[in-house]
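The structure under discussion appears below in the form of structure tokens.
The values are calculated or read from the model by the stated rules, or taken from the named source; none is laboratory data. Please read all numbers here as calculations on a predicted model, not as lab measurements. A quick note on method: Cβ atoms are made from the backbone with ideal geometry, for glycine too, and the neighbour counts reach across all protein chains shown. Just so you know, the surface numbers come from the protein's heavy atoms only, side chains and all, with ligands and any DNA or RNA stripped out. Shrake-Rupley method; radii C 1.70, N 1.55, O 1.52, S 1.80 Å.
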Amino acid sequence: MRASWATRNGWAAMAEGVPGSPPQLSKLEVWGVAVRVFGMAIVSMLVLLLALVGAHIFVGAAVPAYALPVFTACGLAAALGAAAGIGRRPLPRTLQIACATAFALYVAGRAWFSPVEYLARADLTAVTACFAVYLLVALLFTPARWRLSIVWVLIGLGIAATGIGAVQFLHANNWMPFGFERADYGARASGFYICPNHTAGYLEMVAMFAFALAVFGRFGVMARLLIAYLAVMLLAGVAITGSRGGYLSTLCGLGTFAILTLILVGRKRPGLLVGVFAAVILLSSALWFGAPALLHRHTGLSKRLDRLVDTRNNRLQMWEAALDQYRQSPVIGTGAGSYLYFGRYFRPEGGYKEDPIHAHGDYMELLGEYGTVGGILGVALLISHGVGGMVSALGVQVRRLREETLSSMSLALTVGALAALATQIAHAVVDFNMHIPANALVMAVVLGILANPGIATTQATGSRRAWMRRSALAACGVLAACLGARHIVSEWHQEKARVAMAQERWADAAAAAKQGLRHDPRNPDLHGALGEARLYRSAELRSDTAAVLLLEGARLDLERALRLFPGDIWRWIALGQTLDSLERFDEARLAYDEAIRNSPNWGIGYASLGLHFERQGRVPDALAMYDRAATFGTDSLSSDGARRMRAMPKPVPLEPGPEP
């Protein structure tokens, strides 16, 4: 007899064996429990999808004010999923779950005990939210229809990002939706994101799923062609980002997909292997020769392609700084977020002019901040899921298919996840996609699919292991929701202060910073924003007394910020400027010296010290500092200062008078 709908989907089994429930339920009661639990799972899925959409459209959730609500929603989705229960769900592989748990626990623990608590928050909240999503996909959303809901939303977001990227590419005007702003990337497409490189990282992952569904999904011919067209559009989106790392990692993903396709066809349909191999060779040749020809028709993309391998790229120097950072604490690393100040401290002489927020390489940053232990656990995470996915795709899932068919939604999702994993393994060498929450959450979905292929099992909910999995999902979800919600209000006020500072609305910036500090007095950026707003506001006041009061307040705010984050050179420079305005020049000199000590090979500290000397009328000292700053790369502060010093009239020596 065919099983009922509720039994087939595992929801009726929720009522069986749950502690405290009666041993036998009537059919009506079973259906009541099934409908209630199924509704809870639906809500969990909707919250998860809302989090994924929100993370993507709000600049990839790269700003804490947008990331924290997303992480809170992910935790809420996991908690709701645990409330729904696991049911008769396929068991995930123990090795993959163990590797993911060990990695998440180590990263969270190391972040908790990092030197600068505020900088470590990003990694702590991100890893708990991503682990919650990972468990949700690996434990609850195991049927292909549930996972397809996630993948279709991700593909839809990718197509929308490609459309926005096409506008940016055609008009080269740096336009962003919802009023957001990005740096001047010219005609390079970034979609919803701020940086084109991270957009490429997202599109290459979802493109692999689209190709897998087109080839292995259980669809008709027209549906397959439509999905293949969407996959090609996603690849076009990667192309117009101008991301060289995206180009190389996309090739790795396509290569992985082609190899898996050949192996699967050889095992299930050996008679078609020659034809499929010829098709792969033909398509590979068209991509290898045709794509560069198309890219060379655009001047900007042509320049990017010509510098595909660039030995003078700043990334090499950033990786060198990350290795120097690693040597400070080889075993456990220097702590979460610490590359921000170690990257400045170990900046090579005459090196990159940019402020190195990240190492532009996830592996290097992981090694520097989390040490050898973090590196080993990270590699184990990737290898275990990659190998487990291949075992599933090439072994168990193929054997379960009917004769002479390769159409399976579960198989398509596994193959797509393997190819997506290959793209990120390659892209992590040259970019920091896993520090962009939207991309990290997609990676959590990918790993969750690989951890559990979704093959049916007789494991029941009432078993001890199922109850443990449900408890782990609930605990992780609650933790992620609490960590995310804790600082939402303060980070929102901080974002308002940042925007006001950029628009030179000093009073609004100070008001927003004060509001944020009421909710989070240990946020150094809020203290710093308040101090800088007061500093710049003081220059607009006509009353000397009022200006001095503001400057004293700015000094106290900046000192509080530096107690929380002693390595922030921008706050040291702002403190020096504040003390200069108060004519406390000796104390200001100490602040500038601290800025230089924290980044000895960056010109901004020397140029600020030159301005300090200029305010005192010490022209030779000022000129020396401006020239010193220029040796690290020309900037407007040092070049304009040196020009002013050289334009000043030289003092005329007095003629000797008559001897008495």
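At a glance:
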{"item": "Span per principal axis, largest first, for the Cα atoms of segment 67-207 (Å)", "result": "52, 44, 25"}
{"item": "Solvent-accessible area of Leu91 with every protein chain in place, 1.4 Å probe, in Å² to the nearest 10", "result": "50 Å²"}
{"item": "Amide H within-cut-off set for Arg218, under 5 Å, with H built and near neighbours excluded", "result": "Ser408, Met409"}
{"item": "Ser538, Ser149, ranked by accessible area, largest first (probe 1.4 Å)", "result": "Ser149, Ser538"}
{"item": "Segment 81-209, relative contact order in percent, only Cα pairs under 8 angstrom and at least six apart counted", "result": "18 percent"}
{"item": "Distance between segment 67-120 and segment 510-562 - C-alpha centres, whole angstrom", "result": "37 Å"}
{"item": "Segment 421-540: radius of gyration over Cα atoms, expressed as a fraction of 2.2 N^0.38 Å", "result": "1.63"}
{"item": "nm² value of the averaged projected area, convex hull over the Cα atoms of segment 57-143", "result": "6.6 nm²"}
{"item": "Alpha-carbon spread of segment 495-653, three principal axes, descending order, Å", "result": "59, 36, 28"}
{"item": "Pair Asn173, Arg618: separation of 7 Å Cα→Cβ label points (nm)", "result": "5.0 nm"}
{"item": "Accessible-area ranking of Phe346, Phe178, largest first, probe 1.4 Å", "result": "Phe178, Phe346"}
{"item": "Segment 354-381 residues near the modelled Ile332 label - backbone nitrogen below 20 Å, point 7 Å along Cα→Cβ", "result": "365-379"}
{"item": "Debye intensity ratio in log₁₀ form over the Cα atoms of segment 47-107, taken at each q of 0.26, 0.30 Å⁻¹", "result": "-1.00, -1.04"}
{"item": "Residues Leu105 and Asp586, FRET efficiency given R0 of 41 Å [Cβ-Cβ distance, rounded to 0.05]", "result": "0.25"}
{"item": "Sites Glu354 and Met222 - FRET efficiency at Förster radius 51 Å, r taken between beta-carbons, to 0.05", "result": "0.60"}
{"item": "Point-charge dipole on Cβ atoms (K/R +1, D/E -1) for segment 119-270, about Cα centre, debye to 20", "result": "680 debye"}
{"item": "DSSP-loop GluC sites (Glu not before Pro) across segment 553-631, with at most 15 other Cβ within 10 angstrom", "result": "Glu583"}
{"item": "For segment 161-223: relative contact order, % (alpha-carbon pairs under 8 angstrom, 6 or more apart)", "result": "25 percent"}
{"item": "Angstrom value of the Kirkwood radius, inverse mean 1/r, which spans all Cα pairs in segment 176-253", "result": "13.2 Å"}
{"item": "Full-stretch length increase - Leu549, Ser639 - with 0.36 nm per residue and alpha-carbon distance subtracted", "result": "29.1 nm"}
